[in-house]
Amino acid sequence: MRSARLSALLLGSVLASGCLVVSLHPVYDDRFIVFDPVLIGSWQEVDGETTVTFERAEWRSYHVTVRSSRELARLSGRLTTVGNLTLLDVTPVDGVDVDPMLLPVHGIYRLTRESPDALALADLDYEQLFGLARLLPAPDGLVVDSRRNVVVTHPTRALRAWIEAAEPTGRLFGEPTAFERK
């Protein structure tokens, strides 16, 4: 399920049924965007078929292309740091108009690099956050939509503080998916 969630969100399948965690607001702001040129290139999932390609884009961002045998998605991505974490925030491609009834949500991933040729991406842990969002009363900043996706509603500053406060527990992000440079 972990690999399916990673592929689903990275592939832009936000309209798929359930098992996603998305944010209404970005995890970055202009002061905290970082750019790592080492990411530029193609990365192959170690135990799977997904390939992620990072290209340099405008304003310290990336064009992110994700391929599997069934799907292709083009996204925009930005790196940021929160405490000791490096996070990748992905959204629909910048500058593309979306239907007025669709929201361009954000997928947030913890990015770690073991070496210049190995990286791992971990999504926000669906089971953990779904369990919290289903509590009565639900914690501020977490809701479950009609498709059983978890939607994080914190504005950027509160989102960053929430991640920094929750991460020492080690339960905010799921198991990482490993990628190697192609």
Note to self: With θ taken as phi - 60° and the coefficients 6.51, -1.76 and 1.60, list the Karplus ³J(HN,Hα) couplings across segment 58-65 in order, rounded to whole Hz; mark glycine and proline as x.
What the structure shows: 6, 6, 6, 10, 10, 8, 10, 10
Notebook entry, point to check: If you plug each phi of segment 101-115 into the Karplus form 6.51 cos²θ - 1.76 cosθ + 1.60 with θ = phi - 60°, what whole-Hz ³J(HN,Hα) values come out, in order, with x for Gly and Pro?
Noted result: 8, 10, 9, x, 7, 10, x, 10, 10, 7, 10, 10, 10, 7, 7
Next item on the list: Collect residues whose amide H, placed 1.01 Å from N in the peptide plane, falls under 5 Å from the amide H of residue 86; neighbours closer than 5 in sequence don't count.
Entry: 111
Margin query: I want to check the label-to-label distance for residue 117 and residue 182. Put each point 7 Å from Cα in the C-beta direction and report it in nm to one decimal.
Written below: 1.6
Check: If packing is taken as the mean number of other Cβ atoms within 10 Å per residue, what is the order of 43-53, 117-127, highest first?
Finding: 117-127, 43-53
Check: For segment 94-182, what log10 I(q)/I(0) values come out of the Debye formula at q = 0.13 1/Å, with one point per alpha carbon and no solvent?
Finding: -0.56
Next item on the list: Determine the sum of side-chain charges near residue 29: Lys and Arg each +1, Asp and Glu each -1, restricted to other residues whose C-beta is under 11 angstrom from that of residue 29.
Entry: +2
Check: In segment 2-181, what % of DSSP beta bridges are antiparallel (nearest 5)?
Finding: 95
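Over the chain, what is the relative contact order in whole percent, taking alpha-carbon pairs under 8 Å and six or more residues apart?
Relative contact order for the chain comes out at 28 percent.
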Checklist line | Per residue convex hull volume, Cα atoms of the chain, in Å³ | finding: 118
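Since every read-out is calculated from the coordinates, none of them should be taken as a lab result. Because the structure is predicted, anything quoted here is derived from the model rather than measured. Glycine gets a Cβ as well: all are built from the backbone with ideal geometry, and neighbour counts include every protein chain shown.
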